[in-house]
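Here the structure comes first, spelled out in structure tokens, and everything after it is commentary.
Computed from the coordinates by the stated procedures, all read-outs in this text should not be read as laboratory data. What you see is a predicted model; the values in this text were computed from it and never measured. Because the Cβ atoms are built from the backbone with ideal geometry, glycine has one as well, and the counts that use them run over all protein chains shown.
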Amino acid sequence: MSTPASPENARAFARRVLLDVHFPVLPACPVNDPVAQATEEWSRTTWREAVEQSVREAGLELEKLLAPPLRRSPEDRAYCPRCGEGFVTLEGACVDCGGRALHRFETGPPT
């Protein structure tokens, strides 16, 4: 059983926060105002840089934490980069994440 401060929980938490700052729920800024959109982008960039620095200082590897999820099903051909949900279609959007575009799995289905 893992504790709240276990390495597994720390990695899972760091991954969730990284995915949130890299792939926010859409629309990232729900207002059609250039100043508000620029402010949101600046804020998210500043937050992302701080999160990434904290993750590195904790000795965790950004590339591993931001890696695509493992396929849950051999039929999965794409995934949502935010929530990790698998999709059997190559193109589309994740409704749960505000219409975020899907990413294709790089390799063929698992054997």
Hits in the stretch 19-35 - residues which are among the hydrophobic types (A, V, I, L, M, F, W, C), part of a helix (DSSP H, G or I) and either within 24 Å of P68 (Cβ to Cβ) or touching a helix residue (DSSP H, G or I) at 6+ places or on another chain (Cβ under 7 Å) (or both): L19, V21
Qualifying residues in the stretch 61-80 (those that are in a loop (DSSP other than H, G, I, E, B) and touching a Lys or Arg at 6+ places or on another chain (Cβ under 7 Å)) - the one farthest from G99 (Cα to Cα): R77
For the stretch 54-72, what are the residues that are surrounded by 11 or more Cβ atoms within 10 Å (Cβ to Cβ) and either more than 19 Å from V25 (Cα to Cα) or more than 17 Å from the chain's Cα centre (by Cα) (or both)? S54, V55, R56, A58, L60, E61, L62, L70, R71, R72
Members of the stretch 58-111 that are in contact with a Ser or Thr (Cβ under 7 Å, 6 or more places away or on another chain) and touching a residue at least 24 places away in the same chain (Cβ under 8 Å): R77, A78
Could you give me the residue pairs with C-beta distances under 8 Å whose first residue belongs to the stretch 17-39 and is free of Cβ contacts under 8 Å to residues at least 24 places away in the same chain, whose second residue is surrounded by fewer than 12 Cβ atoms within 10 Å (Cβ to Cβ) wherever it lies, and which are 6+ apart or on separate chains? Q37/V31
